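Note sheet for the following structure.
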């Protein structure tokens, strides 16, 4: 029989002004297995904690239930006290009678007290069935693999190497650089990309920690955080790299607007990257028209690609630098020059005489060829007039789209993508460079089109996240993981499908097929338990028996109250 | 508990990093730097960490509850064995050079024995002095002894010395009488601590610009004009109206709401730059008000609809299609009261082929002011020797090291560097952690 101690917290007036704490204490003393029940003004105060500790020792307790506030903030504290008093921390059970009783039922003290009693009874019945658990530790291979050698991957790799971490940079092309090699200057400060590239490479070139794999492709990935095995094809040769963390920096690609505005048919209609090439050769047309949102912000591809307006502003200014008499027009729907530097660039372009015309999706712009030059017919929304602009070059500012091979990377790493094929981070607000899968990180335009500075900040962020488990040298797995009972498991695979973390697989054990959970990957969400038709899947700390005992207790108390 | 996280045995002392500013950027930077094994001293001027994000109701474009996603990070910060919180504290001096900086931190007297205070709130309930509540953006009152908001970290009260009657007049003393924990200390003095730090991170965020200087937008002229941050508080379930959307003049539930973008920003006479986040939060707020008043219709007056992030454009389309949000590309020229003190009349040019000047009535108007570097950040940058850009944000001029200020070992993340949204701030904050690790590796 368990020896359970129950400690009910007043939380000052927070709980005690609504819930009759002493009545709950008296009730708790009647519950099976309860050796001692007491109350504290603040269970979490130094005084309250030492009272619990003393009680554990004096009464030789082996289960502790605290009824107070929320486990979210206070469970670690009470677990720690249990450990200090010599009890396994998984033998602690938390009951929330503040949020669930006194706060939500502040106007009904009587029923709030009754509810508190029932919740305490449920906690006590579960506690009796709790089992001690050991947290497992798993080592971490002190190596990172970065996939993609563009600005994102290169920045991440340079940072990891500067942090003294063994780093493999995997690039499918014959040289490092990605889009950086195709763009000569970077907005908004007109940094030379060659210099940036050289500076980043110099960090890698001299270091024995850096391993660059050119003409190499990701072939296969196995394992979990700290213990991945990454297989790459290095121009025909297969190479297996054990790694602690993986960074995805595969970038994006420029959308080719085949058939739009005469692209591919009318001479002089080009994309932004074509223009970059011209400008890098010192060629600046006399008359240039940029058309924004070609292939974006329209049905089918609704998104704004974030960088195209700013790229056009940069290139408009470069044209004027090379050819001061040039006429430059930017036809747009909204100028997306957010923040300080981009707005400054927009202002400079306006001051330098770049003409801005605004079109609407409903009134499309037409490009034709007439008398040796291109004719752009645009309906300007501001002037409410149709305007004809003659041009030598029409630059179609198209969005960045996901790389054609991003689907393969997604499958191999088991990480999700959004409907446009961009990789989907763990949380769009607060985990921008992480995947839900531990140990795999994302940065740069593979996640979302980003400016050079944004790409680099994200790359540094991913490098920090990857460095954390590597520097720590171990990952600790909280013991609330799932396991399958081999006698009941029919290897149906429902759990494999249900698991959002790819932690379950069907494996052979003693000649029998059975679901096997990888503890390092399991997050303890319980999805597999719910999906199991045979009651074979169980979760530590939340077993069917334990939860069943809670429900039994609730029903029993409810029936007694009715009688 | 073991104290060896991130340390590979040999090093006797962890290198220290001071992070200034306890908003989401400072919190994330602290967590990552601490996880990398360094000792972090997080200095926050106000009584609690959390910053601006703590004031927000929900976040775009997923409408995640802001506090629900922030609060766990705040708690992680407080519980992290490598993080020391210095709340209600300010950095007052820095000497030395990277990697041997000496940072002086002033612990302002909060007149509370932190070790004893349990945050129960008994003192707050009994305090007789009511003061303007800055967390609620002036929409309600707080007490002179207060917890800034229910989820404050640390959960310790603070006495506002300027308004406490015991401190100003030696009268009252009620809080001391009711405190069962014996935590009130009217004799407490400011304390100064010196921290030998290898690097400093500035994450001081933003303030709203002073809209009273722009009366043409109706602030201070019409009762039913609020700032976007005031609207966040009004929409928040824990806010001054308990989440009920009502206007100030007569307590009526508005049915017709207007938002004005670029108030003071993208304006040569005020702030030239774009504040980056207003288009999206206005769209979010226009969607959220429908959850409070099902038959409300919102109009957003804007210049360019800058929906450039992941899911942003779709968010705007959804606002138009499903939430009755009307977008008008126009900068209202005049905002006046409509009927006596209630409602607002907005005069604007419609634009397009048949452009005309219209005066339209709205029940309530929300201004989206320019967001400016937070109070004191300019002085702080000067103290650190970090240069400011023309728009007074802290410069990060080297693309190669995009989170470095002009001063070696002084790094910048979040809005303190330039206007940006939460995910960009969080990414930069983590980026700062990598840069700290690089610099300290280099310094040995």
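What follows is calculated from the coordinates using simple rules that are stated; it is not laboratory data. This is a predicted model, so every value here is computed, not measured. We place every Cβ from the backbone using ideal geometry, glycine too, and count neighbours over all the protein chains shown.
Taking N as the number of residues in segment B:217-297, what value does Rg over Cα atoms divided by 2.2 N^0.38 Å take?
1.15
Relative to 2.2 N^0.38 Å, what does the C-alpha radius of gyration of segment B:175-274 come to as a ratio? Two decimals please.
Ratio of Rg to 2.2 N^0.38 Å for segment B:175-274: 1.68.
Pairs of alpha-carbon atoms within less than 8 angstrom and 6+ residues apart define the contacts here; what relative contact order does segment B:122-178 have, in percent?
RCO, segment B:122-178: 35 percent.
Need one value for B:178-185: mean number of C-beta atoms belonging to other chains within 10 Å of its residues' C-beta atoms.
Working: counts 0, 1, 4, 5, 0, 0, 0, 0.
Partner-chain Cβ atoms within 10 Å, mean over residues of B:178-185: 1.
On the principal axes of its Cα set, how long, how wide and how thick is segment A:120-255? Give whole Å, largest value first.
Between the extreme Cα coordinates on each principal axis of segment A:120-255 lie 70, 40, 34 Å.
As a check on your grasp of the helix formula, calculate [θ] at 222 nm for chain B: sum -39500 (n - 2.57) over DSSP H runs of n ≥ 4, divide by the residue count, round to the nearest 500.
Estimated from H runs of four or more residues: -7000 deg cm²/dmol.
Roughly how crowded by other chains is peptide A:420-431, in terms of the mean Cβ count from those chains within 10 Å of each of its Cβ atoms?
That average works out to 5.
How long are the semi-axes of the equivalent ellipsoid of segment A:259-397, taking √(5λ) for every eigenvalue λ of the Cα gyration tensor, in whole Å from largest down? All intermediate terms of the calculation are to be shown ahead of the outcome.
Numbers: eigenvalues 77, 74, 46 Å².
For segment A:259-397, the ellipsoid semi-axes come out as 20, 19, 15 Å.
What would the Debye formula give as log10 I(q)/I(0) at q = 0.12, 0.19, 0.21 Å⁻¹ for the alpha-carbon point model of segment A:455-521, no solvent?
-0.49, -0.80, -0.87
Please compute the modelled spin-label separation between residue A:219 and residue A:383, points set 7 Å along Cα→Cβ, answer in nm with one decimal.
6.1
By per-residue mean of other Cβ atoms within 10 Å, what is the highest-first order of A:251-263, B:426-438, B:95-107?
B:426-438, A:251-263, B:95-107
If one takes the longest principal axis of the Cα atoms in chain A, at what angle in degrees, from 0 to 90 and to the nearest 10, does the Cα axis of helix A:452-472 lie?
Approximately 30 degrees, to the nearest ten.
Compute the Cα gyration tensor for segment B:373-444, then decide on rounded, prolate or oblate, letting a ≥ b ≥ c be the square roots of its eigenvalues: rounded whenever a/c is under 1.5, prolate when a/b is larger than b/c in the other cases, and oblate in all that remain.
Numbers: a/c = 1.97, a/b = 1.27, b/c = 1.55.
Cα axes put segment B:373-444 in the oblate bin.
Taking the Cα atoms only, what angle lies between the long axis of helix A:109-129 and the longest principal axis of chain A, rounded to 10 degrees?
Roughly 90 degrees between the two axes.
Averaging the inverse of every distinct alpha carbon separation and then flipping it gives the Kirkwood radius. What is it for chain A, in angstrom units?
Over chain A, the inverse of the mean reciprocal pair distance is 28.2 Å.
In peptide B:400-408, how many Cβ atoms from other protein chains are near each Cβ within 10 Å, on average?
Mean partner shielding for this stretch: 3.
Quick one: which of B:59-65, B:144-150, A:545-551, A:92-98 comes out on top by average Cβ neighbours within 10 Å, and what's the full order, highest first?
In decreasing order of mean packing, B:59-65, B:144-150, A:545-551, A:92-98 become A:92-98, B:144-150, B:59-65, A:545-551.
Which Rg and Dmax, in Å, describe the Cα atoms of segment A:331-481?
22.3, 76
Tell me, what is the Rg over Rh of segment B:103-205, with Rh the Kirkwood radius over Cα pairs?
When Rh is taken as the Kirkwood radius, the ratio is 1.01.
Quick one: grab the alpha carbon gyration tensor of chain B, order the square roots of its eigenvalues as a ≥ b ≥ c, and give me rounded if a/c is under 1.5, else prolate or oblate depending on whether a/b is larger than b/c. Please report the intermediate quantities before stating the final value.
Numbers: a/c = 2.07, a/b = 1.37, b/c = 1.51.
Oblate, because a/c is 1.5 or more while a/b does not exceed b/c.
Tell me, what is the Rg over Rh of segment B:122-178, with Rh the Kirkwood radius over Cα pairs?
Ratio of gyration radius to Kirkwood radius for segment B:122-178: 0.96.
Relative to the longest principal axis of chain A, what angle (0 to 90°, nearest 10) does the C-alpha long axis of helix A:193-205 take?
Approximately 50 degrees, to the nearest 10.
Express the relative contact order of chain A as a whole percentage, based on alpha carbon pairs under 8 Å and six or more residues apart in sequence.
For chain A, the relative contact order is 14 percent.
I'd like to compare A:131-142, A:464-475: which one has the highest average count of other Cβ atoms within 10 Å, and what's the full order after that?
A:464-475, A:131-142
Given a cut-off of 50 Å, what percent of all Cα-Cα pairs of the protein assembly as shown lie beyond it?
27
Taking just the alpha carbons, could you work out the radius of gyration and Dmax for segment A:69-128, both in angstroms?
13.1, 40
Taking each pair of distinct Cα atoms in segment B:10-97 once, what is the resulting Kirkwood hydrodynamic radius in Å?
Radius from the Kirkwood sum: 13.8 Å.
Let me check the size of segment A:4-133 from its C-alpha atoms; what are the radius of gyration and Dmax in Å?
For segment A:4-133, the Cα radius of gyration and maximum Cα-Cα distance read 13.2, 40 Å.
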